[in-house]
Structures are given as C-alpha cells and as structure tokens.
1. Could you go through segment 104-118 and let me know if any residue there is of a type outside the set (Asp, Glu) and within 30 Å of Ala175 (Cα to Cα).
2. Based on this model, can you work out whether Leu132 counts as of a type outside the set (Phe, Trp, Tyr), out of contact with any helix residue (DSSP H, G or I) (no Cβ under 9 Å at 6 or more places or on another chain) and either under 26 Å from Glu183 (Cβ atoms) or modelled with pLDDT of 90 or more (or both)?
3. Please pick out the residue among Glu158, Glu179, Glu167 that is exposed (fewer than 10 other Cβ atoms within 10 Å of the Cβ), without any contact (Cβ under 8 Å) to a residue 40 or more places away in the chain and either under 30 Å from Asp121 (Cβ atoms) or touching a helix residue (DSSP H, G or I) at 6+ places or on another chain (Cβ under 7 Å) (or both).
4. Where the second residue is of a type in the set (A, V, I, L, M, F, W, C) and assigned to a helix (DSSP H, G or I) and the first is closer than 23 Å to Glu78 by Cα and lies in segment 99-118, which pairs have Cβ atoms under 7 Å and are six or more apart or on separate chains?
5. Which members of segment 119-145 meet the condition of being over 30 Å from Glu167 (Cβ atoms) and touching a residue at least 24 places away in the same chain (Cβ under 8 Å)?
6. Could you give me the residue pairs with C-beta distances under 6 Å whose first residue belongs to segment 74-87 and is farther than 11 Å from Ile102 by Cβ, whose second residue is at pLDDT 75 or above and surrounded by 12 or more Cβ atoms within 10 Å (Cβ to Cβ) wherever it lies, and which are 6+ apart or on separate chains?
7. Taking helices (runs of 4 or more DSSP H) that fall entirely within segment 1-112, which contain at least 1 residues that are surrounded by 12 or more Cβ atoms within 10 Å (Cβ to Cβ) and at pLDDT 80 or above?
8. Can you tell me which residue is farthest from Ala172 (Cα to Cα) among those in segment 135-159 that are in a helix (DSSP H, G or I) and either touching a strand residue (DSSP E or B) at 6+ places or on another chain (Cβ under 6 Å) or among the β-branched types (Val, Ile, Thr) (or both)?
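The values are calculated or read from the model by the stated rules, or taken from the named source; none is laboratory data. Nothing here was measured: the structure is a model prediction, and the numbers come from that model. Glycine also receives a Cβ, built like all others from the backbone with ideal geometry; neighbour counts cover every protein chain displayed.
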Amino acid sequence: MGVSIRAYARHRGVSHVAVMRAIKAGRVPAEPDGTIDQAKADAAWERSTDPGRSKARPKAPSEKLRPIAEAAVGSVRETLKEQGLPAGGSVTFVQARTAHEIAKAHLARLRLQRMKGELIDRARTTAMVFRLAREERDTWINWPARVAALMASELGVEAHAMQKALETHVRAHLAELTEVKPEFR
C-alpha cells in the first residue's frame, strides 16, 4: 500500500514538487496507481541523492558513503588509481565526486597549458617531424654527389667510384634510420 506524493514529501521533509521532480527524473519509483511505496522510494532516494546538496540530518559515518550506479564505476576507479587513491570494491558517491573533481582540474590545467602555448597539436607535430626527416634524407642523398670529387682527389682514387661507394653506404644508413618511428604520447 502506497502513500500520496504529499504524504511522502512530508515523510522526507521536502516539498511535493521535489518528489514529483524525482519521480519524473526516474530517481524515485511510483506505483501504477500513482502512489509511492515508502520503503522502495526511500532506498532509491538515498542512492540517487548527492550528499553535498542534501539538507538532511547528519548521518553516521557508515551511512555517509553510498554506492553509485555501475555506469561510471570503471572510469572512477581508473581516475582514482591514476592519482594513487584507493578504489575498493564498491565505489561511493564521495569517491565518484573526487574523481570528477580530479578530471575537471586536469582539464583546466590542459586548457591553461594550451593557452600559454605549452601544449602542441599532435597531428601538426607529426607532420613537422615527417617534413624535417624528409629534408634530412634529401640532404644526405645529395651529399655524395657534392663531396665525392673532393674526397677522391684527396685520396687519389677515381671520382665516380668514390661517389658510388658513398651513395651505397649513405643509402644503407638511411634505410637503417627508417626503422625509427616517433611516438608522441
């Protein structure tokens, strides 16, 4: 047997409008006839209410931490672990709020670093590194043609043979360098 919305609001110490909003938002279940089962509704109200916004009486320490919905638990645990904070079996609302505040602070720090010019765009950096590597490669490929004649005269060997030997070794070295893959993480 359920009670009316107004009776449940008196029981909770809130306005009937607050109860109707909770029903509409799906935070409190209503029976098919429109009444409210106090036991079910109290449990749902406690699970879905932010303790920081509650005007309710102070609770015992064991009642302050309540489990939250499983949808965000993985993200909360990961954030807490990254910060070296405990993330046990059941995640509480306080832990979820802590993870949320950590994420907001991290995002604000990134925005500030971007505004200061301390962060760079990954795609732009990758394109720049690729362009610089290509210019370096082209410079090395052209180098044997520029210095082969000078080196050949110093060593007393044929210029064409010197250029071919230099080109072979430079290309082999450049092939080794292609194995280096820059990672920007």
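1. no
2. Considered against the rule, which asks whether it is of a type outside the set (Phe, Trp, Tyr), out of contact with any helix residue (DSSP H, G or I) (no Cβ under 9 Å at 6 or more places or on another chain) and either under 26 Å from Glu183 (Cβ atoms) or modelled with pLDDT of 90 or more (or both), Leu132 comes out as yes.
3. Working: Glu158 fails: exposed (fewer than 10 other Cβ atoms within 10 Å of the Cβ); Glu167 fails: exposed (fewer than 10 other Cβ atoms within 10 Å of the Cβ).
Just a single option satisfies the conditions, and that option is Glu179.
4. Once the first residue is closer than 23 Å to Glu78 by Cα and sits in segment 99-118, its partners that are of a type in the set (A, V, I, L, M, F, W, C) and assigned to a helix (DSSP H, G or I) give Ala99/Val76; Ala99/Leu80.
5. Listed by number, the residues that qualify are Arg122, Thr125.
6. Correct list of pairs: Ala87/Leu80; Ala87/Lys81.
7. 5-12, 16-25, 38-48
8. Keep residues of segment 135-159 that are in a helix (DSSP H, G or I), which gives 135-155, 159.
Narrowing further to those that are either touching a strand residue (DSSP E or B) at 6+ places or on another chain (Cβ under 6 Å) or among the β-branched types (Val, Ile, Thr) (or both): 139, 141, 147.
Numbers: Thr139: 15, Ile141: 11, Val147: 18 Å.
Taking the candidates together, the pick is Val147.
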